[in-house]
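Have a look at the structure below, then the notes.
The values are calculated or read from the model by the stated rules, or taken from the named source; none is laboratory data. All values reported here derive from a predicted model rather than from experimental measurement. Here Cβ is always computed from backbone atoms with ideal geometry, including for glycine, and neighbour counts include all displayed protein chains.
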Amino acid sequence: MEFSHADLILQARWWAGGKNSSITKTDLHNNSETTANWKKNFREAVAQMTVEKGWMRPGLRIGGLHTDGTRIKVYIDESLAGHVKFHRGKPTDGVWIVGAVEETKERKFFFIAVEDRSAKTLEAIIEAHIDKDSHLISDCWTRYNNVKEKGLVAEHDRVNHSEEFKDEVTGACTNHIKGTWTSMKRWIPKVRWRMGAIFDDLLKYMWRREHHTRIWDALWEACAAMEYEPVVRNREADAKRKAENAEADSLLAEKKSAVKAARTEAEEKYKTKRALQKLAAEDEEARMQMALQLEGFDGDSVEAALLTEKELMAPYEKEVKEARDRFHKAQRAYDAAVYTHREGISMEASS
């Protein structure tokens, strides 16, 4: 089935809206491979846009100073995106993600997948993506201890989550970045929570967050700006592919024809079987009527024969009924005699 321009627009619209892949391929009658390929193309386009022109472009750092000269607060944290056993406890495997968000109207932020959360890794991320004039706020993870002494940020406050969620003295808390973690993990499929696969999804989420008021326009801008590899046509390869497709279509048509013929044959066999059963029933009824006529019954049907048989058995049924009544009468007399005998014995014993 050909993929039309209308299908492409619907695919893009549903991808931008976060619609489920199974619903998309069902509505468009696409196979799983086609849907996955288009999702990959859109994801690569917005990832390239985010790296080149978005919040992850080279030289862009979050934080810094406000227009009035005060320092912008930047909340940083790390989280393990992984699976948990039996839907409880902490993740046992996955990939570590370092993220930071600034306290401004734009809410600029970044996410980076890392191999570990060592001091060397965290300091390199802070130096590359956070302005030195920022006010950094983190938890009490020891790998953040020397960021201010090394001149990576101007101020640094920490909050001890084992004792409180918000520092009573400095007012420091990490709720901003914690809420961002929840939103990010809701958008990224769990099957992609692994190193190498999650990178484009992180960039996709950052692109969504940056362009949340104009997702549709931003998607086409990203697709237009994406660099595509030129397609070189090979006539021999195209002819070979066309012949293979024609052969596959022929085999499919033959298979459908064979299935249709087998279904028709099965239906004919079923109809023949039902007809034979009907003839056998009619033959059995004819033989029964013939046997009744040979026995001397004048009835022309089974109902008349049964009525004649009932009349013949009527005198015997009367005798059987009288014998049954005599038996029940004798049984009641016997039970009465036994009861009287037992009562007499019990009275003698009591006296």
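Taking into account only those residues within region 182-197 that are assigned to a helix (DSSP H, G or I) and in contact with a Phe, Trp or Tyr (Cβ under 9 Å, 6 or more places away or on another chain), which is surrounded by the most Cβ atoms within 10 Å (Cβ to Cβ)?
Applying the filter and picking the extreme gives MET184.
Could you please find all residues in region 129-149 being surrounded by 14 or more Cβ atoms within 10 Å (Cβ to Cβ), among the hydrophobic types (A, V, I, L, M, F, W, C) and over 37 Å from the mean Cα position of the chain (by Cα)?
Those that are surrounded by 14 or more Cβ atoms within 10 Å (Cβ to Cβ), among the hydrophobic types (A, V, I, L, M, F, W, C) and over 37 Å from the mean Cα position of the chain (by Cα): ILE130, LEU136, ILE137, VAL147.
Name the residues in region 58-73 that are modelled with pLDDT of 80 or more, under 16 Å from MET206 (Cα atoms) and in a loop (DSSP other than H, G, I, E, B), would you?
LEU60, ARG61
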